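The values are calculated or read from the model by the stated rules, or taken from the named source; none is laboratory data. Quick caveat: nothing in here was measured; it's all calculated off a predicted structure. Here the Cβ is made from the backbone with ideal geometry for all residues, glycine too, and neighbour counts use every protein chain on show.
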Amino acid sequence: MPADHVVKNRSVWNADSDTYQKRHAGQLDASPLAWGIWSVEEAQLGALGDFEGKCMLELGCGAAQWSTALAVAGGHVVGFDLSERQLTHAIPRVEATGLWVPLVQGSAEELPFVAESFDIVFSDHGATSFSDPYRTIPEAARVLRPGGLLVFNITSPLRDLCEEDELGRPTEKLSREYFELGRLSGKEVCFQLPYGRWLALFRDAGFEVLDLIELRPPEGAVTTYKEFSTLDWSRRWPSENLWRLRKRPAS
Ligand SMILES: C[S@@+](CC[C@H](N)C(=O)[O-])C[C@H]1O[C@@H](n2cnc3c(N)ncnc32)[C@H](O)[C@@H]1O
C-alpha cells in the first residue's frame, strides 16, 4: 500500500500537470540540462560527472526534459514518475529523440528495479522533494551500483524555514521551527530535514557526501518559478541545495 502522502501527491500532480507544463515547459525545454528554478547549467557544475554510456535513473522526471536531453548526449536513461499525466507530457519528448528512453510509473519509495542496476540516480526538484527521505534515499542506494552517484536538487532547509505561508515565498523572517522539519504539508506533501539528519541518513544508507552545492543564480537571472523565490532572496541566501553523494564501494 502506498503511503497517504504518495496517494495525495499523485492526485495533485495529475491535476496540476497541464498547468505546470504550460507555465514551465518553456524554461525547461530551453535549458533541459540545467538545475533548479534558475536553470544553472550542468555544463558549468559537472554534478553528474561523465555520464556518457552510463545507466541513469531520473526520480520524478516530469515531462522528461532532463532524461531525453541526457539520452541524446549519450546516457542510457530511465525516466520515472508517480504521475501518469506528467508521463503523458514526456511521451512526445521521448519520441522526438528516436531513442530508447523507458518511462516507468511508480513511487520512488518503492522502486521497481533490481538492486545495483544504475550508475547514476538523480532528481531535480523531483521525487526526492515529495517522498519520505527515509524510504527514498535507501531505495536510491539499493538500485545504485557500488561507487554510483546520487545527485539531487531540493529546496534548502533555509528557504523552507523562511517560507511565508500566505505568499508561499521566503521572507527575511524564520517562520518554522528548524528541529520540526520533516513532513511539510501544503497543497502537496513535501519533505525536508535538518542538516544533521540528512547527513546521518546518507551515512546510514551507505553514501559518502561528495558535495553540497548551494545554487546561486547569476545577476539578472530569470525564472518562471516566481512563486518559489525571488532573485534578490536567492542571491542573498541559498534557496536550493544540490547534493552529490557516492554509494560507498563494497568493502
Ligand atoms: C516539480 S516536478 C519536477 C520534474 C522535473 N524535474 C521538472 O522540473 O519539471 C516533481 C515531479 O516529481 C514527481 N513525484 C512526486 N512524488 C513522487 C514519487 N513519490 N515518486 C516519483 N515521482 C514523484 C511528480 O509527479 C512530478 O512530476
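Some notes on this structure:
- Selection count, the stretch 121-170, where residues are of a type in the set (Gly, Ala, Ser) and more than 10 Å from the ligand (Cβ to nearest atom): 6
- Options 25, 64; residue that is modelled with pLDDT of 95 or more, at positive phi, among the small types (Gly, Ala, Ser) and within 17 Å of the chain's Cα centre (by Cα): 64
- Residue 59 being of a type in the set (A, V, I, L, M) and within 12 Å of the ligand (Cβ to nearest atom): yes
- Annotation: of all residues in the stretch 1-22 being away from the ligand (no atom under 11 Å from the Cβ) and over 20 Å from residue 87 (Cβ atoms), the one that is nearest to the chain's Cα centre (by Cα) is 4.
- Unique match (being among the basic types (Lys, Arg) and farther than 18 Å from residue 123 by Cα) among 145, 176: 176
- Looking only at the stretch 38-52, and only at residues there that are touching a residue at least 12 places away in the same chain (Cβ under 8 Å) and more than 21 Å from residue 219 (Cβ to Cβ), the one that is surrounded by the fewest Cβ atoms within 10 Å (Cβ to Cβ): 52
The rows are residues; the columns are (1) buried (at least 21 other Cβ atoms within 10 Å of the Cβ); (2) out of contact with any strand residue (DSSP E or B) (no Cβ under 9 Å at 6 or more places or on another chain); (3) among the polar types (S, T, N, Q).
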{"site": "12", "(1), (2), (3)": "no, no, no"}
{"site": "18", "(1), (2), (3)": "no, yes, no"}
{"site": "36", "(1), (2), (3)": "yes, no, no"}
{"site": "54", "(1), (2), (3)": "no, no, no"}
{"site": "71", "(1), (2), (3)": "yes, no, no"}
{"site": "83", "(1), (2), (3)": "yes, no, yes"}
{"site": "88", "(1), (2), (3)": "no, yes, yes"}
{"site": "94", "(1), (2), (3)": "yes, no, no"}
{"site": "98", "(1), (2), (3)": "no, yes, no"}
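- Residue list for the stretch 107-131, filter: among the charged types (D, E, K, R) and either within 19 Å of residue 76 (Cβ to Cβ) or crowded, with 18+ Cβ neighbours inside 10 Å (or both): 109, 116, 119, 124
- Residue in the stretch 120-132 that is over 18 Å from residue 154 (Cα atoms) and touching a helix residue (DSSP H, G or I) at 6+ places or on another chain (Cβ under 7 Å) present: no
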